[in-house]
Structure formats: C-alpha cells, structure tokens
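The values are calculated or read from the model by the stated rules, or taken from the named source; none is laboratory data. In this text, all values refer to a predicted model and were calculated from it rather than measured experimentally. Here the Cβ is made from the backbone with ideal geometry for all residues, glycine too, and neighbour counts use every protein chain on show. In case anyone asks, the SASA skips ligands and DNA or RNA and just uses the protein heavy atoms, side chains included. Shrake-Rupley method; radii C 1.70, N 1.55, O 1.52, S 1.80 Å.
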Amino acid sequence: MIDRIAEVWGTRTPYEQDQRWPVRVDQKLAEGVGDDDVDRWVQSACVLCSNGCGCDIAVKDGRMVGVRGRATDIVNHGRLGPKGLFGSWQGVDNKDRLTRPLVRENGRLVATDWDTAMQRVVDNSRRLLQEKGPLSHGFYTSGQLFLEEYYTLSVVGKAGIRTPHMDGNTRLCTATAAASMKESFGSDGQPGSYVDIDECDAIFLYGHNMAETQTVLWMRVLDRLAGQNPPKVVCVDPRETEVARHADVHLPVRNGTNQALMNGLVREVIVNGWMDEDYVAAHTLHFDELRDVVEPWTPERVAEVCGVDADDVRRTAEIFGTTERVLSTVLQGFYQSHQATAASCNVNNLHLLRGLLGRPGCGILQMNGQPTAQNTRETGADGDLPGFRNWGNTDHVAELARVWNVDPLDIPSWAPPTHAMQIFRYAEQGSINFLWVQATNPAVSLPELARIRELLHREELFLVVQDLYLTETAQLADVVLPAAAWGEKTGTFTNVNRTVHLSDKAVEPPGEARSDLDIFLDYAHRMDFRDRDGNPLVPWSDPEGAFHAWRECTRGRPCDYTGLSYERFRGGSGIPWPCNDEHPDGTVRLYEDGVFPTDPDYCETYGHDLVTGAVVGEQAYRAMNPAGRALLKAAPYQPPHEEPDEDYPLRYTSGRTVYHWHTRTKTGRAEPLDRAAPQAWVELAEEDAERLGVIEGDIVRVASRRGEIVVAARIGRGRQGVVFAPFHYGYWDTDGVGPGEHPRSANELTITEWDPVSKQPVYKVAAVRVDKVATGDGPAPAPTTAASRPARPGTVRPTVGGSEAMADERIAPVEPPAVATREEHP
Amino acid sequence: MKLPVYLGLLREAERVLAESFRQVADGHAAEPDVHFLSHTLAQQCLAHYEALDPIVQRYGEARQEDEPERLHAEGLGRIRSGPVGLLRDLQDVYMLASVVEITWKLVGQAAEALRDRELLELVARCHKETSTHLDWLKTRMEQTAPQALIAAQ
Ligand code: SF4
C-alpha cells in the first residue's frame, strides 16, 4: 500500500528505450472492502483527463466501491493517477447528486418530474423556433460525455433544430490542438502515439505540465528517465513544474511570448542546416514563407522578448535539430495563450522540417485536456461537421445530408460554426434565447466571470442545464436535468492518441437521473424531428445503435471507426482509429508515408490566415495544389494585448493542480483529493513577494481590470513577475453562484479574448496587481507535491493523504501489452 | 507621369483605412476579436503609410490640381451600434480596404513597367496584407450576417 496523495506518480518501474513499459496495476477499494467482497468488475476507462486510462470499476451491492487499472490496456499498462483512483468513483457516488429534474417557479428551483421539465424545454424550443427560427438556439456541451451522446446531439442540433450555434467547453481545452492539426496537416487527427515515449531520444513539452495534467503519461516518462538511455527533456513553461525539474533545458518564457520562441527555434533549425531537405521538398508547402517570417528571430532577440537565456535557446534548438527521434507534446501553456494556433503550428513545422513524423519515437501529441474532447470534435458537437468533414465543401455537406437523409440545405454550413465565446456574446445581446448547457460549468470556467454570471442571469435567456450536481451554472438555470454519470451508463470515448475505449454501465444512476443520451433522445422524440421521408431523424434508441450510426458516418474519413464494435472492445485494450478494412487492428501512427489529408476534396478545412483567422477560400486552396503535402504555416510574433503596466505590473496566468479536475464538481467531493487542495490560493515568485512584503500564507488581493480575488499566497518558485492561480475554485461550496464576500475564482480576472483561428480563450495572459490585505494564520492551502510547492522546503507541512489515500500497486504481474496493431509487431 | 497621383491617393487611403479600423476597434470594443484585430490591422495600415514615404519622396508629391476630388477615399462617418451596425461598419471598411487593395495592384503594375524593384517589393508585401484584411472582413461579416439580419433585436 502506498499513499497516492503524497506519492502522486507511485513507484518507479524503470525501462529502457525500445522496451515495453512494464505493467503496474494500481487499485483502490473503499474502506473495509477487500478483493473478495467485490461482486463484479466492470470494464471502463477513466474520464478525469484526456489520457484515457483503461480501468475496471468495482461494484458491490449495486454501488461503485473502487477502481483498478487494466493491465492489458495499451494506454496505461495498469496504472491510475490520484484523480482516477479517488475521484472517478467517489466523485460520482455522492449524496449531493441531482436526483430529480428542477424547474424555476417564482424565481426558485423546485423539484418536478421529467414530463414537466422536458415539456418546458420543448415548449420554449417550439415557441422560439416559431418566433425567431433556429438562430435563437445555442448548445454548449462538454468534453466529458460519450461519443454516442455527442453524435446524437450533433444530429439533433444541426439537422433537427438546424442551428450553427453548437460548441463545447472543448473550445477552452482542445480547440487549438484541432486547429493546429487542421492547418498543418489538413485534418484533425493525432500524428503520434504514447508509444513514442518508449522509443524517443528526446521529449519536448511545450506549455504542458504533464506531471499534473496527465499523471499516468508522466509516469511513463519518469520510468524512461529512471532507466537506461533516458531521453533528453525540454520544458517550455513559466513555472517551475515537475516537468521543469526533470528537464535538461527549461525555458521559463514570459507568458504571452510563445510565438517568439517558436519562430526562433524554427530559425535555428533552418540556419544550422538541420532540415531534411528532401522531406521538405517532397512533403511540404510554403517553406520560403516560413523562412522569411522567422528570419529576424535570432536567439538574442528571442532571449530579449521571452526573457530567457540565448544559449538555452540555442541548446534547445540543437537538441531538436540533432537528436534522431523526437517526441513533442503541447498543451494549455500554448493553447490558452496568445497566438495559440500559430505557436502550435510551429511545433508541427519543426517536425515537418526534419521529417520527424510517422516513425517510432518521432511524434507529435497535440494534447487534449478532457477525456472525451476528441469525440466532441469528431462528431461535430463542437460545431464542426461530423467525421472531420469540411463545412466549406459542398460535397461533404451533401454526403452528410445523405447519411442523415435530409436536405443539404437543412445543415447549417453557410459560415464557420459559431464558437463558444460568440454563442455567449449572442446570448448577452439577446439574439440567442435558448441555451442548453451539458456537463460543463461556464459560470466558473469562462473568462471574465462577472460578465458571464450577468448574461446567464438574463430574463430573456431560457437556460437549460444538464449535470450531475447543482453547479454554479445550474443554480442560474430555468430547467435543471439530472444526468447519469460515468459508470451509470454505457458508451465509448477516444483519448488523445486516438484510442477508443468502451465504458460499460456498472450501477444504476441515483433517483430519476438519466443518461445524457436518453435525454437527447427524449428531446428529439418530443420535438418530432423527421428526415426527408418522414421517418424519425434519430432512429436509434440506445448507445450501441448510436455507435453503429456513427460508424457509418465515419466511413472513408480520417477518423474511420468502421472496424470497431462494442464486441471488440470488451475484454481487451482500447483500439486507436482509423480502424477499418485496411487497418483491421487500428493504427499506431499517422502519416508514415508523408501523405497528409490536404487534398482539397478530402481535407477538413481550406485553412486560415494565422494572424487574423481569415478563411482561405476553396479557390485559393485549390490553386495551391497541396496534393497530400503538409502546410508550413507561419505568423510573425505579436506582443500580447494586455501587457503589464504601471497600474497592473504583473503577468497573470491560471492553470491546474494535480488533485483537481475542472470546477471540482467531482474531485471536490472525493475526500483525499479535496483535503490535498481544499482552498484556492495564488502563487507569487519569491522576489515579488519580498517586494510586496508578503510571506507564505498571507492574504492578498489580486486585481485585474475585470475583477479581483482575495486568497492566501504561496511563495513559490515561479518566474519573477508572474502570478499563478488555480482555476478550479468556484463558489458551490462557499457562497453559491458568485463570489459574495469571498472572491476566489481565477476567472474573475481573466480577459475576454480568443485566438483568431482556434477561438480558444486566452486564459494565460493578463495583467494584474497584488496587494497584501491581511497576515495569514499559517501556510497557504496549496499542495507541496508538484508545481505549487513552496520556494523554501521545510517551511510548509508536506501534502500527505493518510489512510484514505492508501492504494495498492502490483508491479509487473503480467507482461506488458503489445502495441495495438499487427502493423507494429507482425 | 501620373504615378505620383496614385501614390498620393494610396498613402492617403491607407491613412483613412487605419483611422477607420481604429474607429471600429474602439466603437465595437465589446466584440473582442473585432477590437483587437482592428487595432492590429490599423497598425499595419499605418506601417504601409509610412513605408510609402520614401517612394513618394522619390517620385515627388502630386500637384493639388492633379488629384481629382473623387479619387479621395472616404473614411467611416459615425460608428454605428448593435449587431446590424457592426455589420454595416465592417462593410464600409471593406469598401475602403477594396480601394486600397486595387490601388496597390495598379501601383504594382506601374512599378513593373518602371522596373522599380524597391516599389515592387513594397507592393508585394502590402498588397498581400491588404488582401488578408479583405479576407478577414469577409470572414467576420459572413459569420455575423445571419444572426444580425435574422435573429437580432
Ligand atoms: S491520468 Fe487521467 S485518465 Fe489516467 S487515471 Fe489520471 S485522471 Fe484518469
């Protein structure tokens, strides 16, 4: 037994390059429950981050009582992280769950039955469709439902209601991953695989605090680092994260300057002749433009703008340029920052310049944040067209119309889909009057919260919220629909590296709660949506039926699911798409042949200008004749729009801690996790704290032009001039909907702004000022185990979990699983 | 030679376009993408304006009477409000940017005929950026038009 709050990454199982990662089976059972007491183990995968760890849910007397990693799964080889071990089941099996629908009566939410609640939803839908038409409707979904649910929602929204206003909170987490791959390769679809960690000589982490966001993936890296021939590690992050501590080079760039650094790295690779010229000539377009744009970015200039050492820039470029097998991973430090898509495309550019794609150890992981975000993107629940179809391509729209048996004109494709921030703007302006939010909590997670709370509150907005708990957002709703959780319903989902898992129903949902799929089906039925022959638009009635329909929808597309079935998932490992006749066992890596999905008839997008987001039209795209070549997309560096000044002299950024997930609706209800990080805090660099006269635990006010928070200060090891706050803390467990007397939510301070291409909000660049308001009565409630550890160790009691955090580890009980496909190991 | 007339027109049109982008940026600050991008594009226009200086010097300023009144580019009048107002303002800027775009194109042709390498390089850069301004304006208008024309109050 081991305390997995104190030992976040558990015991090391070192391995060498090209060996398979050893198995370690992690298991947690409820207090007093032994192995023999478990009635059944039900196959699933964890939904508390994008890693997609295969697991089994322990069931006893009809309740979830624990979880263990699946040894056979290619993603995690048996392991689970703290969130998976404690949060997955404890965050669901909880007395606070919504068990009945609620409707607003005289300003208060009161319990009711499903008929009444759904009738209210349908009445409002019908009324608005009649009065204003489909543009009155918006859907804001999640990265945490199942594929079958998103696909159903996508059909309902696009061909039932016919609104272009569909998006998900994936806009906040993975929109840039998708956008950068579309721009560079012509379509969404992760080139690399987690297996590349086993095989690489160097790993670059760009704005990716993997140690805290995907703990199990980081265990894989740690185990390589503990073995023979460890890979070099390069970390780009303003904070001194665990990743930074293990890095050979750490570039603590000023937040907001990623594109300057990336232009500099690209330039170094070009001027030092580290390119693979044959590959560039045969497989890419626009090299000259890229070379011209990066030309001014000498290491010295990068050093000046980014605030890093010029020699470190050179060393970084040299590692990239001269190492045989390089894996790059990218996450929110790039995606939620200024020039998000441009900087992420530059990561793709680096790999394209050296031809480091589609080979063992040579991969790119444009990470996702959420467990099922990939499916939001694939199915078009984020506004895109399903199956990575191109909304600008009339043949694609016609094909989709055939799949759904509707008129092509029924599918809104006249302009780019409306992104989340614009949907909320339309709601603010009163042109969207019906907003249906599922499994996400915009009242805490969107930028500039005062504004969001105000607009969600508006009389003329009919707000439907579908969730497990009465979140801050749900408290503002007109109708609240209680949803079944993970483990209470069946469905599939796809992780970062395209691996699809099945999650089977283990227990019944509490009270009258229903699966999101059943809620959408009920709505479709009540709205009586029909296809062009008068048959029901959504003909399926269960998850497997939805999955079959989805498979057909993906036929011939990059995310081809036609070779997958529930049957195939049961008992084994997850399987990475595309999986079809050509790749019957799935596909480990994309683009081995250097042929990219950029063909004009096949691509998911004709692309955008990276500075403005202007659409490149079909004509211009065809004229380039991409013919399967990737696009080297370039953009000059531009300074961020809000830089520190006299009034707001510090740079502000926000992010995660290892123990929490999103707005803590689940993790805040799992004892070991909640106790490890019970309260909001803010991190100041030692030098800044000294100047402000603030010591560990003092209460400070952090203010931006948009709002303020008052929380305890952790004196940490961050970059001087940078202030960090975790974004998990809202008000459901303090004052209800909003801050009241105790503002603590990181998004009180963030700015309303987004990347021009991916439309991902800018959470990581803003200007703030900090003042001390009171002396603290002890250290800040921040964990000591990862990036938020104190600058002076020993001054703060280490974070431990105690008896409730003890979990089992079984090391190497079986041989590691082979990679997914016979392609890899015939 | 009438090229100086066109260079003068172009420089003036870039100034007016910069000013109009700035007006849109400030007048529609509640639309963050319009706000920030219009400021960025205003700066690009000003850079074009300044880059034209040495060329204008070289060819000499046009005489007043050589510049017919109707060749002057009109800027935005008052900023409008609301969704349809935004659409209309962007449309006006689009017209103005079109004038700038085609003028660059024509000046470019003259530069080719004159084999003026310096001017050609400038035209290549500025014409491309101006085309992108048009593309962005078009993208943004297309995105917003249905909502403004059908659903907005
Ligand atoms: S790494 Fe992610 S998927 Fe795996 S157990 Fe942790 S939270 Fe769950």
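Identify, please: which residue in region A:84-108 is more than 16 Å from the ligand (Cβ to nearest atom) and open to solvent by less than 40 Å² (accessible area, probe 1.4 Å) and is, among those, farthest from the chain's Cα centre (by Cα)? Restricting to residues being more than 16 Å from the ligand (Cβ to nearest atom) and open to solvent by less than 40 Å² (accessible area, probe 1.4 Å), the top hit is A:103.
With respect to (1) under 17 Å from residue A:505 (Cα atoms); (2) away from the ligand (no atom under 11 Å from the Cβ); (3) in contact with a strand residue (DSSP E or B) (Cβ under 8 Å, 6 or more places away or on another chain), the lone exception for residue A:54 is condition (2).
Residue count for region A:427-439 under the criterion of being touching a residue at least 12 places away in the same chain (Cβ under 8 Å) and open to solvent by 10 Å² or more (accessible area, probe 1.4 Å): the result is 3.
Name the one entry in A:62, A:66, A:81 that is at pLDDT 95 or above, more than 10 Å from the ligand (Cβ to nearest atom), crowded, with 22+ Cβ neighbours inside 10 Å and more than 19 Å from residue A:469 (Cα to Cα). One residue alone meets the criteria, A:66. For region A:211-227, state whether one or more residues are away from the ligand (no atom under 16 Å from the Cβ), more than 17 Å from residue A:312 (Cα to Cα) and crowded, with 23+ Cβ neighbours inside 10 Å. Scanning region A:211-227, I find at least one residue that is away from the ligand (no atom under 16 Å from the Cβ), more than 17 Å from residue A:312 (Cα to Cα) and crowded, with 23+ Cβ neighbours inside 10 Å, so the answer is yes. Here residue A:356 fulfils each of the conditions (1) buried (at least 24 other Cβ atoms within 10 Å of the Cβ); (2) in contact (Cβ under 8 Å) with a residue 40 or more places away in the chain apart from (2).
Against the numbered list (1) within 14 Å of another protein chain (Cβ to nearest Cβ); (2) open to solvent by 80 Å² or more (accessible area, probe 1.4 Å), residue B:85 comes up short only at (2). If only one of A:540, A:577 is under 30 Å from residue A:523 (Cβ atoms) and within 24 Å of the chain's Cα centre (by Cα), which one is it? None of the others qualify; the one that does is A:577.
Mind listing just one residue for me: the one in region B:61-82 that is surrounded by fewer than 12 Cβ atoms within 10 Å (Cβ to Cβ) and part of a loop (DSSP other than H, G, I, E, B) and, of those, modelled with the highest pLDDT?
That would be B:78.
Could you tell me whether any residue of region B:135-153 is surrounded by fewer than 13 Cβ atoms within 10 Å (Cβ to Cβ), more than 20 Å from the chain's Cα centre (by Cα) and within 9 Å of chain A (Cβ to nearest Cβ)? Yes, some residue in region B:135-153 is surrounded by fewer than 13 Cβ atoms within 10 Å (Cβ to Cβ), more than 20 Å from the chain's Cα centre (by Cα) and within 9 Å of chain A (Cβ to nearest Cβ).
Scanning region A:587-610 turns up one or more residues that are part of a loop (DSSP other than H, G, I, E, B), at positive phi and under 24 Å from the mean Cα position of the chain (by Cα).
In the set (1) surrounded by 23 or more Cβ atoms within 10 Å (Cβ to Cβ); (2) not in a loop (DSSP other than H, G, I, E, B), the condition left unmet by residue A:619 is number (1). Counting only strands (runs of 3 or more DSSP E) that fall entirely inside region A:465-507 and contain at least 1 residues that are more than 14 Å from residue A:47 (Cα to Cα) and touching a strand residue (DSSP E or B) at 6+ places or on another chain (Cβ under 6 Å), the qualifying elements are A:479-482. Can you name the residue in region B:112-133 that is within 14 Å of another protein chain (Cβ to nearest Cβ) and open to solvent by less than 20 Å² (accessible area, probe 1.4 Å) and, of all such residues, is nearest to residue B:11 (Cα to Cα)? My answer is B:130. For the residues A:443, A:415, the requirement of being assigned to a loop (DSSP other than H, G, I, E, B) and either facing another protein chain (nearest Cβ under 8 Å) or touching a helix residue (DSSP H, G or I) at 6+ places or on another chain (Cβ under 7 Å) (or both) singles out A:415.
Take the conditions of a type in the set (S, T, N, Q), modelled with pLDDT of 95 or more, within 16 Å of the ligand (Cβ to nearest atom) and open to solvent by less than 20 Å² (accessible area, probe 1.4 Å) and apply them to residue A:43. Does it pass? Criteria not met by residue A:43. Of everything in region A:579-629 that is free of Cβ contacts under 8 Å to residues at least 12 places away in the same chain and more than 14 Å from chain B (Cβ to nearest Cβ), the residue that is nearest to residue A:184 (Cα to Cα) is A:625. Each residue in region A:569-600 was checked for being closer than 19 Å to residue A:552 by Cα and surrounded by fewer than 22 Cβ atoms within 10 Å (Cβ to Cβ), and 8 pass.
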